[in-house]
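Each remark here refers to the structure printed beneath this line.
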Amino acid sequence: MATALPIGITWIKDRGGRAALLLVGAAGEVGVSLCGAQVLWWRNHLGEVLWSATNSEYLTGKPVRGGIPLVFPWFGDHAADPKLPAHGFARNLEWRLARAVAGPEVVLEVTDDVSTRSMWPHSFRLQLVIAVAEALRIELTIQNTDTRSMRCEEALHTYLSVGDVHSCSVHGLEGLPVTEQATAPETAWDRSAPLRFRAETDRVFQGVRGHLELRAPALQRRVELDTEGANSTIVWNPWHAKTARLSQMAADDWQRFCCIESANVRERSLTLAAGQQHTLALTIRCR
Ligand code: BG6
């Protein structure tokens, strides 16, 4: 961008030499790649809040395994065509900087093109606001710019550092309707208790209440996640067997992170009428 950026926002290159923005605010330092509008890291006085895989790759058109990749317009594998990219294409697209204001806050944007329409026949505009004030705040707005309605799924696929996944717990999902989609899951668990990781975990919770807490005693920290406009939460850890099948991962990487994804998926996917828009907002605090 030719014009000067507000204080607290700088153009940088990420580890793969890709265009990225550095935001420095009260909540710490946040790096954001234009590839996928992916938050790559967030560092505060406690260290790295977000987790990245040991063998992370920074490639054009590909998400890094870590930070906060975006999921849109479908979650997981495409229902009809397994050759289409898992978790949709938003995380592979090149986004542009639409606005940068003091705060610091940036707004990244992307719209449909020939390639997205070949995978998903709709016109849309996505905007991602990233603000680093007393907390990290992320807002994903999906606008249907088409003349007919569209159905889509979305998620902020947040990878969080936990130090030791065996000792961490997720609070606020107790008693909610849940589907476990792991291939080798824990066989039975207490649904009224905070979530603990004891096996591969890949749970889709619906009708979520909007406030969650991750306790990570190995790092002596608590992470609070507050959402607006998100009906679903996915909690994921691949455990050791699935880790071996995933890109960018070292064999023991699964022990140091979990994903808590703020989302609208499956039976809570979004239907947007022509011209309609929806915003999913996530505020993360780490103490
Ligand atoms: C989670 C899914 O959201 O993302 C898991 O629930 C999946 O099933 C994981 O393995 C990682 O997906 P990907 O495509 O980034 O490897």
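Values computed for the structure shown
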{"quantity": "Positions within the range 44-74 being out of contact with any Lys or Arg (no Cβ under 7 Å at 6 or more places or on another chain), over 16 Å from R256 (Cα atoms) and either more than 13 Å from the ligand (Cβ to nearest atom) or in a loop (DSSP other than H, G, I, E, B) (or both), in sequence order", "calculated": "N44, H45, E57, L59, G61, K62, V64, P73, W74"}
{"quantity": "Residue identified as within 19 Å of W42 (Cα to Cα) and aliphatic (A, V, I, L, M) among L173, L128", "calculated": "L128"}
{"quantity": "Given (1) more than 16 Å from the ligand (Cβ to nearest atom); (2) over 18 Å from G229 (Cα atoms); (3) over 16 Å from the mean Cα position of the chain (by Cα); (4) not acidic (D, E), index of the condition Q143 fails", "calculated": "(2)"}
{"quantity": "Residue satisfying condition, being away from the ligand (no atom under 12 Å from the Cβ), part of a strand (DSSP E or B), at negative phi and surrounded by fewer than 20 Cβ atoms within 10 Å (Cβ to Cβ), within set R209, R222, R198", "calculated": "R222"}
{"quantity": "Output for the range 77-101, where each listed residue is part of a loop (DSSP other than H, G, I, E, B) and in contact with a His (Cβ under 9 Å, 6 or more places away or on another chain)", "calculated": "D77, L84, P85, A86, H87"}
{"quantity": "Any hit, the range 5-23, residues being among the β-branched types (V, I, T), part of a loop (DSSP other than H, G, I, E, B) and closer than 25 Å to A263 by Cβ", "calculated": "no"}
{"quantity": "The listed residue being under 24 Å from L136 (Cβ atoms) and surrounded by fewer than 20 Cβ atoms within 10 Å (Cβ to Cβ), out of G275, G229", "calculated": "G229"}
{"quantity": "Residue ID - nearest to the ligand (Cβ to nearest atom), chosen from residues in the range 227-246 that are part of a strand (DSSP E or B) and in contact with a Leu (Cβ under 7 Å, 6 or more places away or on another chain)", "calculated": "V235"}
{"quantity": "Residue within the range 173-195 that is more than 15 Å from the ligand (Cβ to nearest atom), not hydroxyl-bearing (S, T, Y) and not in a loop (DSSP other than H, G, I, E, B) present", "calculated": "no"}
{"quantity": "Qualifying residue in the range 93-114 (condition: of a type in the set (A, V, I, L, M), closer than 26 Å to Q248 by Cα, in contact with a Ser or Thr (Cβ under 8 Å, 6 or more places away or on another chain) and touching a residue at least 40 places away in the same chain (Cβ under 8 Å))", "calculated": "yes"}
{"quantity": "Residues that are surrounded by 21 or more Cβ atoms within 10 Å (Cβ to Cβ), assigned to a loop (DSSP other than H, G, I, E, B) and away from the ligand (no atom under 13 Å from the Cβ), drawn from the range 24-43", "calculated": "A27, A37"}
{"quantity": "Qualifying residue in the range 221-229 (condition: under 16 Å from V49 (Cβ atoms) and more than 19 Å from the chain's Cα centre (by Cα))", "calculated": "yes"}
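This table checks each residue for (1) within 20 Å of S161 (Cα to Cα); (2) out of contact with any Phe, Trp or Tyr (no Cβ under 8 Å at 6 or more places or on another chain); (3) surrounded by fewer than 16 Cβ atoms within 10 Å (Cβ to Cβ).
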| position | (1), (2), (3) |
| --- | --- |
| S52 | yes, no, no |
| S56 | yes, yes, no |
| V64 | yes, no, no |
| I68 | yes, no, no |
| P73 | no, no, no |
| G76 | no, yes, no |
| L97 | no, yes, no |
| G103 | no, yes, no |
| V129 | no, yes, no |
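Computed from the coordinates by the stated procedures, all read-outs in this text should not be read as laboratory data. Being a predicted model, the structure only gives us computed values, none of them experimental. Heads up, the Cβs are rebuilt from the backbone with ideal geometry, glycines too, and the neighbour counts pull from every protein chain shown.
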